[in-house]
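Derivation of every value follows stated rules applied to the coordinates shown; laboratory data play no part. Only a predicted model underlies this, so the values are computations on that prediction, with no experimental measurement involved. In this analysis, Cβ positions are derived from the backbone assuming ideal geometry, glycine residues included, and neighbour counts consider all displayed protein chains.
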Amino acid sequence: DGGITQSPKYLFRKEGQNVTLSCEQNLNHDAMYWYRQDPGQGLRLIYYSQIVNDFQKGDIAEGYSVSREKKESFPLTVTSAQKNPTAFYLCASSIRASGRAQEQFFGPGTRLTVL
Amino acid sequence: QKEVEQNSGPLSVPEGAIASLNCTYSDRGSQSFFWYRQYSGKSPELIMSIYSNGDKEDGRFTAQLNKASQYVSLLIRDSQPSDSATYLCAVNPSNYGGSQGNLIFGKGTKLSVKP
């Protein structure tokens, strides 16, 4: 059963705490993406990775970090430097990122709340 | 600044009618266009992709692309209450972020289909 999984579904963070959001895919996709969605807003790109061991900053990378050690996994860490982290975080993947843009498929999302 | 614009709605149509959703984009070099459906509290789900001028039909959905006028639209025939959701338009601008695979999302149009 192929797809993208994200965990946890809900996450609560205290001030000054780092938290890591998990994203795993078994679609054999090369490219993976992290987006943030705020109420009434479009999706904004945080980081993306076109291939294992490589990743690039998106539009709003400050206060976030990622790694891509395995093709299947692209975890996102929300650091204490991110001043307004409460949002819905979405992970996506596509077959590849080169050439004509491919369809991106999304995981179920993680809803992060700062206490 | 590469932008994707959508009317936020809500767009209200009676059951069985045709719902018409529109999207304009600023980058004339954009090559790939996508429509996603997002139910409240859920992640986006890909409905249609379109790459060439003209119409593309898939069941009750038709995507229309006009690159000269820089707009893409989604028509939903025989609208059902289950179609009530927010519809996101996504565009792949030329050389966005150094990767040809990245997408810019509009803020979405909320559709309500009344029984």
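Among what's in the stretch A:42-91 and is away from chain B (no Cβ under 14 Å) and among the acidic types (Asp, Glu), pick the residue that is farthest from A:SER22 (Cα to Cα).
Within the stretch A:42-91, the match that is farthest from A:SER22 (Cα to Cα) is A:GLU62.
List pairs: first in the stretch B:5-19 and more than 14 Å from chain A (Cβ to nearest Cβ) and closer than 14 Å to B:ASP78 by Cα, second surrounded by 13 or more Cβ atoms within 10 Å (Cβ to Cβ) and basic (Lys, Arg), Cβ under 7 Å, 6+ apart or cross-chain?
B:ILE18/B:ARG77
For A:ARG100, only one of the following conditions fails: (1) touching a residue at least 12 places away in the same chain (Cβ under 8 Å); (2) exposed (fewer than 15 other Cβ atoms within 10 Å of the Cβ). What is its number?
(1)
Can you say whether B:ARG77 is more than 13 Å from chain A (Cβ to nearest Cβ) and within 27 Å of A:PRO108 (Cβ to Cβ), as far as the supplied structure shows? Write out each step before concluding.
On the way: more than 13 Å from chain A (Cβ to nearest Cβ): yes; within 27 Å of A:PRO108 (Cβ to Cβ): no.
No, not satisfied.
Please verify whether A:GLN56 is part of a strand (DSSP E or B), free of Cβ contacts under 8 Å to residues at least 24 places away in the same chain and more than 17 Å from B:GLY41 (Cα to Cα), treating the condition exactly as stated. Show your work before the answer.
Numbers: part of a strand (DSSP E or B): yes; free of Cβ contacts under 8 Å to residues at least 24 places away in the same chain: yes; more than 17 Å from B:GLY41 (Cα to Cα): yes.
It is true that A:GLN56 is part of a strand (DSSP E or B), free of Cβ contacts under 8 Å to residues at least 24 places away in the same chain and more than 17 Å from B:GLY41 (Cα to Cα).
Yes/no per residue for (1) closer than 23 Å to B:TYR36 by Cα; (2) assigned to a loop (DSSP other than H, G, I, E, B):
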| position | (1), (2) |
| --- | --- |
| A:SER65 | no, no |
| A:THR77 | no, no |
| A:SER80 | no, yes |
| A:ARG96 | yes, yes |
| A:ARG100 | yes, yes |
| A:PRO108 | yes, yes |
| A:THR113 | no, no |
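Would you check if there is a residue in the stretch B:52-59 being facing another protein chain (nearest Cβ under 10 Å) and either of a type in the set (Lys, Arg) or buried (at least 19 other Cβ atoms within 10 Å of the Cβ) (or both)? If you could, list the steps in order and put the result at the bottom.
We begin by selecting, within the stretch B:52-59, every residue facing another protein chain (nearest Cβ under 10 Å); these are none.
The answer is no, given that none of the residues of the stretch B:52-59 is facing another protein chain (nearest Cβ under 10 Å) and either of a type in the set (Lys, Arg) or buried (at least 19 other Cβ atoms within 10 Å of the Cβ) (or both).
Quick one: is B:SER79 in contact (Cβ under 8 Å) with a residue 12 or more places away in the chain, hydroxyl-bearing (Ser, Thr, Tyr) and buried (at least 17 other Cβ atoms within 10 Å of the Cβ)? Explain how you work it out, then say what you get.
Details: in contact (Cβ under 8 Å) with a residue 12 or more places away in the chain: yes; hydroxyl-bearing (Ser, Thr, Tyr): yes; buried (at least 17 other Cβ atoms within 10 Å of the Cβ): yes.
For B:SER79, the condition - in contact (Cβ under 8 Å) with a residue 12 or more places away in the chain, hydroxyl-bearing (Ser, Thr, Tyr) and buried (at least 17 other Cβ atoms within 10 Å of the Cβ) - is met.
Is it the case that B:SER40 is assigned to a loop (DSSP other than H, G, I, E, B), in contact (Cβ under 8 Å) with a residue 40 or more places away in the chain and loosely packed, with under 14 Cβ neighbours inside 10 Å? Full working, then the answer.
Details: assigned to a loop (DSSP other than H, G, I, E, B): yes; in contact (Cβ under 8 Å) with a residue 40 or more places away in the chain: yes; loosely packed, with under 14 Cβ neighbours inside 10 Å: yes.
Criteria met by B:SER40.
Select from the stretch A:24-41 the residues that are within 12 Å of chain B (Cβ to nearest Cβ) and acidic (Asp, Glu) and write down the one among them that is surrounded by the fewest Cβ atoms within 10 Å (Cβ to Cβ).
Top of the filtered list is A:ASP38.
(1) in contact (Cβ under 8 Å) with a residue 60 or more places away in the chain; (2) touching a Phe, Trp or Tyr at 6+ places or on another chain (Cβ under 9 Å); (3) within 14 Å of chain B (Cβ to nearest Cβ): which one isn't true of A:LEU11, the others all being true?
So A:LEU11 meets the others, but not (3).
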